[in-house]
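The values are calculated or read from the model by the stated rules, or taken from the named source; none is laboratory data. Since the structure is predicted, the reported quantities are computational estimates derived from the model, not experimental observations. Here the Cβ positions follow ideal geometry from the backbone for every residue, glycine too, while neighbour counts run over all protein chains shown. Heads up: the accessible areas ignore ligands, DNA and RNA and are worked out on the full protein's heavy atoms, side chains in. Shrake-Rupley method; radii C 1.70, N 1.55, O 1.52, S 1.80 Å.
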Amino acid sequence: MSIAKDLYKEKESLFLTGSSTLRMAALVGIVIGLVAAGIGFFTHQGPRVWGALLFNLFFFFCLGFGAMAFAAMQDVIGATWGRPIRRIQEAFGAFVPVASGLFVVFIIAVMFDIGGAGKVYRWIANPDMLHHFWGKRSWLQPNLMYARVFFILALLTYLVIWQLRLTLNRDKAWLEGRHDDAVYLGEEVRVKTKYWSAPILVCYGVGFTFLCFDVMMSLSPTWFSTLWGGWQFAVMMQTLMAALLITMFSLKSHRIGEFIKQQQFHDVGKLMHGFTIFFAYLTYAHILTYWYGNVPEETEYYIHRLHGPWLYFVYAIPLLGFVVPLYLLIPKWAKWSKTWTITMSTVILFAQWLTYQLIVQPEVIKHEDFLKGIGPLLEVGMFLGIAGLFVTTFFWFSRRYPMLPVADPLLEEAVHGHH
């Protein structure tokens, strides 16, 4: 705990307030999101607004939820290398309760068809379309779907908050100068998280899979995929690694950044590269299976996305989300070279943002209506709104808690290069 004792003299430097420019940009983003939604409702594009909210919210929810799942993975195996960036992951995770609250608002809007939200899920607006699908008709019951989503969100949010409270309490003791208590709590939390992370990960895996089934896959009710949960996990983790790298580089000029070494950049970069391949593998597994099966209710999902503007998404996603990073992330230096790595991370984030949009919007609007009203600026505006909320939550967290897990007994080993 020598590092923790040394850092106590400069504990104020471990908090992150963010520049006034960045905080203002986040606020402006929220306002733009609200304006975009207002224009969408005013131009009678309610379902499109709710669809844009859904996929953008899911994008950022996955950043927060994936970060906490990644933290649990490290805890269960006792990994030390990621300790210097642990608090960044937890700052991402602070968005999960916020996102869950917005999901609840979305589901309530669907329940009462507020602003056309009831038309987002076609099987709710037209239950007869599932008449010939006994299994789907049994699973996709509106009230059951609402109950499942509420329960899963409550469970995942509770577990995320439990993780956060557990690791933050030991640092509170350190902040209060109770160093002996911090040492005791640090070891107690290490043991407890190592024990409980395995069942938590099971709950995360099952809960996330069914959440993806209900809020995303059921947008196309006659189509299904048994790989959906795993594929969504691959997208989530590739996106998370890209967001982590950008945040890590942005903190290098801060006191916290002195503890983020080349090792952390290299390891996160390797994971991003690996999940790039995993994402492509599961995507190809989807397409290959449906191609040789050639079942109309399965192939229709893809054929529908080969028309209008969606075709450009189909070309861009594998190129930007797989081909480009696959080859350009091969060199070792590509994982820690600031300009190169940030560029690759940004490309991946953009590609997977297109992925989420390609999942949702073709089921909500006709391709010939894509340019209606303010066109794709609506989706961009909603992205800026949720992004602003995400950044605001991040800084809310970083102003209240030290952005280095100083009471973590494994931090010392991580600083000295142990894995």
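Quick notes
- log₁₀ of I(q)/I(0) at q = 0.29 Å⁻¹ - segment 247-309, Debye sum with one point per alpha carbon: -1.11
- Inter-site label distance for Y8 and L227 at 7 Å from Cα along Cβ, in nm: 5.4 nm
- Computed on the Cα atoms alone, the convex hull of segment 195-270 gives a volume of 131 cubic angstrom per residue.
- Around Q163: net Lys/Arg minus Asp/Glu count, Cβ-Cβ under 14 Å: +3
- Over the chain, the Kirkwood radius and the radius of gyration, each from Cα atoms, give a ratio Rg/Rh of 0.98.
- Relative intensity, log₁₀ I(q)/I(0), of segment 89-165 from a Debye sum that treats every alpha carbon as a point, q = 0.11, 0.17, 0.21 Å⁻¹: -0.38, -0.74, -0.92
- Each residue, I374 and C203, gets one label point 7 Å from its Cα in the Cβ direction; the gap between the two is 4.0 nm.
- For segment 131-145, the residues whose amide N sits under 12 Å from a probe point set 7 Å from the Cα of F210 along the beta carbon direction are 144-145.
- Accessible surface of the chain [probe 1.4 Å, protein heavy atoms]: carbon and sulfur percent: 69 percent
- Alpha-carbon centroid distance for the pair segment 282-296 / segment 60-113, whole angstrom: 31 Å
- For the pair segment 372-403 and segment 155-213, the centres of their Cα atoms are 26 angstrom apart.
- Taking every protein chain into account, the accessible area of the chain amounts to 43 square angstrom per residue (probe 1.4 Å).
- Förster radius 30 Å - calculated FRET efficiency between R399 and W162, Cβ distance, rounded to 0.05: 0.85
- Since only F394, G293, V380 are under comparison, the one whose Cα sits farthest along the positive direction of the charge dipole of the chain, derived from C-beta charges on Lys, Arg, Asp and Glu, is F394.
- Across segment 355-379, the residues whose backbone nitrogen lies under 17 Å from the label position 7 Å along the beta-carbon direction of F42 are 372-379.
- Relative contact order computed over segment 296-419 (Cα-Cα under 8 Å; 6+ residues apart), in percent: 25 percent
- Modelled spin labels at A147 and A25, positioned 7 Å past Cα toward Cβ, are 4.6 nm from each other.
- Once exposed loop trypsin sites (Lys or Arg not before Pro) are cut out (DSSP; at most 12 other Cβ, 10 Å), longest piece of the chain: 10-251
- Applying the Karplus relation 6.51 cos²θ - 1.76 cosθ + 1.60 with θ = phi - 60° to segment 86-92 yields 3J(HN,Hα) values of 4, 6, 5, 4, 5, 5, 4 Hz, where x marks Gly and Pro.
- Nearest-0.05 FRET efficiency for Y315 and L288, computed from C-beta distance (R0 25 Å): 0.85
- Overall form of segment 76-224 per C-alpha gyration tensor (a/c, 1.5; a/b vs b/c): prolate
- Adding -39500 (n - 2.57) for every DSSP H run of four residues or longer, then dividing by how many residues the chain holds, sets the calculated 222 nm ellipticity at -24500 deg cm²/dmol.
- Segment 261-383 - Rg and Dmax from Cα coordinates, angstrom: 16.9, 52
- Computed P(r) (all Cα pairs; segment 378-419; 5 Å bins; percent): 6, 19, 14, 12, 12, 12, 11, 8, 5, 1
- Exposure of I124 as accessible area (Å², to 10), given a probe of 1.4 Å and all protein chains: 30 Å²
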